[in-house]
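Computed from the coordinates by the stated procedures, all read-outs in this text should not be read as laboratory data. Please read these numbers as outputs of a predicted model, since none were measured by experiment. Counting neighbours? That spans all protein chains shown, and the Cβs are built from the backbone with ideal geometry, glycine included.
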Amino acid sequence: MAQRLMDYFNKQPRIGTLSTASRDGKVDAAVFGSPHMVDEKTIMMGFGDNRSLANLQENPNAVYLIMEPGESIMDWKGVRVYLKMTASDTSGAMLQNLKQQIAEVAGEQAAEMIHAAASFEITEVRPLIDIGQGWEASI
């Protein structure tokens with residue numbers, strides 16, 4: 001099961017949306033292509049100096065949605081991956097390792113845009129459209 005989620009989550013090309021909220025409830029949604037599932041419970045992600053990062057520093061909970069179109073709305077595939085930030089780094093090994101990985105995949109210019117690296121624990125996975133089928137049937 002975990003391997004199937006990792007394969008789906010890390011499939012490229014793909015983008016998704018990360019939704020966060022500040023301590024006072026101000027919501028943000030942003031498009032990201034960089035999240036990477038490194039094991040069955042951990043996501044790594046790079047951030048610019050942006051609202052998503054600011055929100056996570058105040059409230060570590062977020063959700064990442066991956067969506068793939070289908071022939072009708074009920075045929076869309078995707079998952080909602082609920083996350084809790086466990087660490088972030090604006091300098092040091094975690095950031096440098098992430099920048100190196102991004103440079104290899106997306107180039108130096110993309111890597112230079114990264115201000116922080118963050119790790120997340122997966123707290124829950126749900127289908128994009130939940131009709132009781134479980135997330136496994138939605139990918």
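Couple of notes before you dig in:
- From most to least packed by mean Cβ count within 10 Å, the peptides 15-24, 65-74 give 15-24, 65-74.
- Where Cα atoms sit under 23 Å apart: lysine pairs in the chain separated by 8 or more or lying on different chains: 9
- Cα-centred dipole magnitude for the chain, charges only on beta-carbon of K, R (+1) and D, E (-1), debye, nearest 20: 160 debye
- Separation between Cα centres of region 1-31 and region 48-114, rounded to whole Å: 7 Å
- Using R0 = 41 Å, the C-beta based FRET efficiency linking Asn10 and Ser72 works out to 0.95.
- Residues whose placed amide H lies under 5 Å from that of Ser34, excluding near-sequence neighbours: none
- For the chain, share of DSSP beta bridges that run antiparallel, in % to the nearest 5: 100 percent
- [x] 7; [y] 17; [z] 27, with the label sought being that of the calculated percent of Cα pairs over 28 Å apart: [y]
- Packing here is the average count of other Cβ atoms within 10 Å per residue, and on that basis the peptides 3-9, 120-126, 41-47, highest first, run 41-47, 120-126, 3-9.
- Largest first and in whole Å, the equivalent-ellipsoid semi-axes of region 52-134 read 30, 18, 10, each the square root of five times a Cα gyration tensor eigenvalue.
- Additional length obtainable on full extension of the chain from Ala137 to Glu104, 0.36 nm per residue less Cα span: 8.6 nm
- Placing pseudo-labels 7 Å out from each Cα toward the beta carbon at Ser91 and Val27 gives an inter-label distance of 3.7 nm.
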